[in-house]
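*Asks:* Sharing a structure with you now.
The values are calculated or read from the model by the stated rules, or taken from the named source; none is laboratory data. Since we're looking at a predicted model, the values are computed, not measured. Because the Cβ atoms are built from the backbone with ideal geometry, glycine has one as well, and the counts that use them run over all protein chains shown.
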Amino acid sequence: MLQQIEECCSLGAHAAVIIPPTWIIRVRRPQTSLKSSKKKKRTSLKCNKSSKKGAEDGRWKPFLVKPVPSQLMKPLLVFVNPKSGGNQGAKLIQSFMWYLNPRQVFDLTKGGPKEGLELYAKVPNLRILACGGDGTVGWILSVLDQLKLRPQPPVGILPLGTGNDLARTLNWGGGYTDEPITKILSHVEDGNIVQLDRWNLNVEANPEARTEERDEHQTDKLPIDVFNNYFSLGFDAHVTLGFHESREANPEKFNSRFRNKMFYAGTAFSDFLSGSSKDLAKHIKVVCDGTDLTAKVQELKLQCLLFLNIPRYCAGTVPWGHPSEHQDFEPQRHDDGCIEVIGFTMTSLATLQVGGHGERLHQCKEVTLTTFKSIPMQVDGEPCKLAPSIIHINLRNQANMVQKAKRRISMPHLNDQQPVPEKLQIRVNRISMAAYEALHYDKDQLKEASMPLGVITVPGDSDLETCRLLIDRLQDNLDQVQDSDPKPGVCFLGTTADRFYRIDRAQEHLNYVTEISQEELYILDPELVAKETVGTSPDLQQSLQGLVTCSEPLELTELHQQGADILLQDADGCTLLHHAVEVGCKDIVKYLIENVPTSHLDVTEKETGETALHKAATSCQRSICHFLVEGGASLMKTDLQGETPKQRAEKAEDGELSEYLDNCQHYQMIQREDQETAV
């Protein structure tokens, strides 16, 4: 027994990125005597004159980090912005704390990234994961500049924002959906380190500008003085400024990426009709590496000017175009010390979303931009209306970033080297969104709910991007028979030990088809109508619901034994289990739990996204909550407000129930992690 207690923990499958507990040294808060406190009061005036930096250096910290260097370790520091991308970050903080050492996970709303970076400044081979939008990444890079860490730790990205253009550039995709945390940790550990140019923005007032009435929103400086993605002025900045002001006034209306994008579209359309940026070319002067581009900007009547550092812009578009189209210009890179200058008319901006590009003006190392009136501008998505100014743009430095790499997880053993097959014949199946939301934690059930599309033949070393082209052809053939065209929202589904998860389209080229399956592929089609439940007439359906509402367990059991379907859902998506929880009938709840698949416990209502466990927690039905948890109901599933059952119990002010659900949720997360690690 004593040997088992003293046995050293291996830290599991992600030991290389976990900070060992032995590195964390607790620091006692210093005790001050009465005599010394009087002395401090006498010298308080002198202390007040000291710099803020000195005060920060003297700040007490609850623990220190004393690393033991190892070539095999790549310790990870995780920063999460809970407010990014519809508040997804709040859910991820707890997950990372359970997969890693909680001391290496930081909430950016509680003091920012500086404290965490200072604590881990001397940890060798350190890597950073920024969970948030591109603004979150820029914030962390700016603090790294201040601290002057050498070497600078490379930064990976878990995209939670609205645009996520830097994340797309570095292969992290356009937005986090439900990829397992274990896979994300593996990608950060195995990712390639690349450089990212960063650019200074030095602003000074324009003395030659005519005085004009000062706008209440006008400012004399930009929101930030450095950019990683892009700096722009004109139409697109005007739209972003409108979005920013509306979000500040009504933050509750901007709690999802979809809503944010819809607002962008509406603001852009209204601005297009008003023509607010049509005279931009008359009020600016642009000089790039000594070449004056002002005449060309005026000749083309450009309404937006973009200084681009990375290939992606405006949620994934490619405004510089593709390498084959460059002609007189070099292909764009994010590490070449050059910035691309691009102009847009309203027409060229509109064609970006369908593969178009802007007017290529220059590739340069320095820019001087002069404005003669207040103009909307944005720096990496942070907008403002800048007073007439002279802006100097030049290279600041290069940051180390983690680029997600294409990787093979299941390599053959040395003694059993099997070459990748030359050709693969793979069956393709489609899954509806309704089925996915209800069953994605139950692979077998979800496979049964899928609909066959056809068979594709691909080379053994193909990625999912190649497979998509062949699946599109399959779909074209199907369209000749029936109207079932897949919409752009179609995506591939990957698998873990027990569930499916979505693969972002921007990352399809990073996934080998053999890593997903050598026999069957599954795609998620949001427009596909799910298979309807058969075998229960509308009258019998009403009878079943009536028996549940009236708490008649014996009659319900009898009907079920006669063949009635207890898996049915009404028009609102409610199951019999939802109705049983509403009336608080424990006997019916227990019977249904014992006689339906585990996945059925997590079916959600359409209007609220509530599972049966959400309903039980809201009404503080402790026994029913216990039955559902023991039956396998998910404690991590969130409703349309982003709340888990535990959070529902907290809102209902039932502390004991909330604590019980919290403990069960932690156990469930660890169980699922163990299953995924085993695979």
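*Asks:* For the structure I just gave you, tell me whether Gly112 is surrounded by 23 or more Cβ atoms within 10 Å (Cβ to Cβ) and part of a loop (DSSP other than H, G, I, E, B).
*Replies:* Details: surrounded by 23 or more Cβ atoms within 10 Å (Cβ to Cβ): no; part of a loop (DSSP other than H, G, I, E, B): yes.
Answer is no for this residue.
*Asks:* Output the residue which, of all residues in segment 496-507 that are among the aliphatic types (A, V, I, L, M) and in contact with an Asp or Glu (Cβ under 8 Å, 6 or more places away or on another chain), is surrounded by the most Cβ atoms within 10 Å (Cβ to Cβ).
*Replies:* Ile503
*Asks:* A follow-up question, please. Kindly establish whether Val581 is aliphatic (A, V, I, L, M) and within 20 Å of Glu650 (Cα to Cα). Let's see the steps before the verdict.
*Replies:* Numbers: aliphatic (A, V, I, L, M): yes; within 20 Å of Glu650 (Cα to Cα): yes.
Yes, satisfied.
*Asks:* Could you pull out the residue among Gln363, Gln378, Gln398 that is at negative phi and touching a Phe, Trp or Tyr at 6+ places or on another chain (Cβ under 6 Å)?
*Replies:* Going through Gln363, Gln378, Gln398 in turn, the sole match is Gln363.
*Asks:* Please indicate, with yes or no, whether at least one residue in segment 187-206 is within 15 Å of Phe79 (Cβ to Cβ) and aliphatic (A, V, I, L, M).
*Replies:* Checking segment 187-206: at least one residue is within 15 Å of Phe79 (Cβ to Cβ) and aliphatic (A, V, I, L, M).
*Asks:* Return yes or no: is Asp602 buried (at least 21 other Cβ atoms within 10 Å of the Cβ) and at pLDDT below 90?
*Replies:* yes
*Asks:* Can you tell which of Leu521, Leu540, Leu510, Leu493 is surrounded by 14 or more Cβ atoms within 10 Å (Cβ to Cβ), modelled with pLDDT under 70 and not assigned by the TED database to the domain that holds His579? Walk me through how you get there before you give the answer.
*Replies:* Numbers: Leu521 fails: modelled with pLDDT under 70; Leu510 fails: modelled with pLDDT under 70; Leu493 fails: modelled with pLDDT under 70.
That would be Leu540, the only listed residue that is surrounded by 14 or more Cβ atoms within 10 Å (Cβ to Cβ), modelled with pLDDT under 70 and not assigned by the TED database to the domain that holds His579.
*Asks:* Next question. Test Glu656 against the stated conditions and say whether it is assigned to a helix (DSSP H, G or I) and either in contact (Cβ under 8 Å) with a residue 40 or more places away in the chain or surrounded by fewer than 19 Cβ atoms within 10 Å (Cβ to Cβ) (or both). Give the derivation first.
*Replies:* Details: assigned to a helix (DSSP H, G or I): yes; either in contact (Cβ under 8 Å) with a residue 40 or more places away in the chain or surrounded by fewer than 19 Cβ atoms within 10 Å (Cβ to Cβ) (or both): yes.
It is true that Glu656 is assigned to a helix (DSSP H, G or I) and either in contact (Cβ under 8 Å) with a residue 40 or more places away in the chain or surrounded by fewer than 19 Cβ atoms within 10 Å (Cβ to Cβ) (or both).
*Asks:* Return the total of residues in segment 455-469 being in a strand (DSSP E or B) and buried (at least 16 other Cβ atoms within 10 Å of the Cβ).
*Replies:* 3
*Asks:* Of all residues in segment 290-311, which are assigned to a strand (DSSP E or B) and in contact with a His (Cβ under 8 Å, 6 or more places away or on another chain)?
*Replies:* Thr291
*Asks:* Would you confirm, using the coordinates I've provided, whether Glu643 is assigned to a loop (DSSP other than H, G, I, E, B), farther than 29 Å from Leu547 by Cα, modelled with pLDDT of 85 or more and more than 25 Å from the chain's Cα centre (by Cα)?
*Replies:* Against the criterion (assigned to a loop (DSSP other than H, G, I, E, B), farther than 29 Å from Leu547 by Cα, modelled with pLDDT of 85 or more and more than 25 Å from the chain's Cα centre (by Cα)), Glu643 does not qualify.
*Asks:* Evaluate segment 426-440: report whether one residue or more is at pLDDT below 80, surrounded by 19 or more Cβ atoms within 10 Å (Cβ to Cβ) and part of a loop (DSSP other than H, G, I, E, B).
*Replies:* Within segment 426-440, one or more residues are at pLDDT below 80, surrounded by 19 or more Cβ atoms within 10 Å (Cβ to Cβ) and part of a loop (DSSP other than H, G, I, E, B).
*Asks:* Right, next: Please work out if Asp587 is modelled with pLDDT of 85 or more, exposed (fewer than 15 other Cβ atoms within 10 Å of the Cβ) and over 27 Å from the mean Cα position of the chain (by Cα).
*Replies:* yes
*Asks:* Could you check, for segment 326-336, whether at least one of its residues is under 19 Å from Trp199 (Cα atoms), modelled with pLDDT under 85, touching a helix residue (DSSP H, G or I) at 6+ places or on another chain (Cβ under 7 Å) and crowded, with 20+ Cβ neighbours inside 10 Å?
*Replies:* No; the residues of segment 326-336 include none that is under 19 Å from Trp199 (Cα atoms), modelled with pLDDT under 85, touching a helix residue (DSSP H, G or I) at 6+ places or on another chain (Cβ under 7 Å) and crowded, with 20+ Cβ neighbours inside 10 Å.
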